[in-house]
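What follows is a short report on a single structure.
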Amino acid sequence: MKMLNLNYQNFEKSFALFYYLKNTDLTHVSNRILSLKEGDFGEFGDYCTDLISANLKDENITFCIRALSSKESTVLPQSDIGSQKLGLSLSNKLGLGYIPHILKKKITKPMHTISDKSERLSNISGSYSLNENIIGDIDLNNTKVLIVDDISTTGATVYEIARVLREYWPNVRLYFACVAKTNNEVGDSANKALLEEYHFIAV
């Protein structure tokens, strides 16, 4: 099964399913992705997690965490945001320990409001840390951990999460999966081949 390989450095695998195309996607996939991001999981969310699970089922991953939203300083377990539902669904399908509560974060400017790459990096840099009350009970060294997010643009968020994990557990092996990679240069038809391959019909 073909995925959009993100080639993020120092990850065992890093991929997306679709492109997120702002205001241009005639397939309506971007509208579905945005709805998922805002918590409307539904059949599309379940479909996406099926695809991600199929791609990772033989990797022997042990744990899953998710990126925190710009409004979260710690994980809100009952949150309706898409990444929480993605993390829970993937953990259930792959039989992973779901441990996003090991992360905490400074409140940041929403990343989707920033288009400049250097500004995105500055906004997120140093924002993540580990929850000292929890990490003593968890050892991620020599384990495989999946980091999940809904949309990735530059990779700034996942690299920041990877930084704090590797500082404490230098031998952790990391994977990254998201529903979509932002790309406003590929054009309206960018997702059509993916839709055909994944047998998904946007409505």
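The values are calculated or read from the model by the stated rules, or taken from the named source; none is laboratory data. Note that the structure is predicted; figures quoted are calculated from it, not measured. Virtual Cβ from ideal backbone geometry, glycine too; neighbours counted across all protein chains shown.
For (1) assigned to a loop (DSSP other than H, G, I, E, B); (2) of a type in the set (Lys, Arg), each residue gets a yes or a no:
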site: LYS2; (1), (2): yes, yes
site: PHE11; (1), (2): yes, no
site: LYS22; (1), (2): yes, yes
site: ARG32; (1), (2): no, yes
site: SER35; (1), (2): no, no
site: ASP50; (1), (2): no, no
site: ASP58; (1), (2): yes, no
Report the residue count in region 1-43 for those that are farther than 21 Å from VAL186 by Cα, surrounded by 18 or more Cβ atoms within 10 Å (Cβ to Cβ) and more than 14 Å from the chain's Cα centre (by Cα). 1
With (1) over 30 Å from ASN141 (Cβ atoms); (2) out of contact with any helix residue (DSSP H, G or I) (no Cβ under 9 Å at 6 or more places or on another chain); (3) among the hydrophobic types (A, V, I, L, M, F, W, C) as the list, and PHE18 as the residue in question, which single condition is left unmet? (2)
When the residues of region 112-162 are narrowed to those that are closer than 25 Å to ASP50 by Cα and of a type in the set (S, T, N, Q), which ends up modelled with the highest pLDDT? THR143
Can you tell me which residue among ALA162, ALA177, ALA193 is in contact (Cβ under 8 Å) with a residue 40 or more places away in the chain, part of a helix (DSSP H, G or I) and of a type in the set (Gly, Ala, Ser)? ALA162
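Here is a yes/no grid of residues against (1) under 28 Å from VAL172 (Cβ atoms); (2) of a type outside the set (A, V, I, L, M):
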| site | (1), (2) |
| --- | --- |
| SER30 | no, yes |
| GLY45 | yes, yes |
| LEU51 | yes, no |
| ILE99 | yes, no |
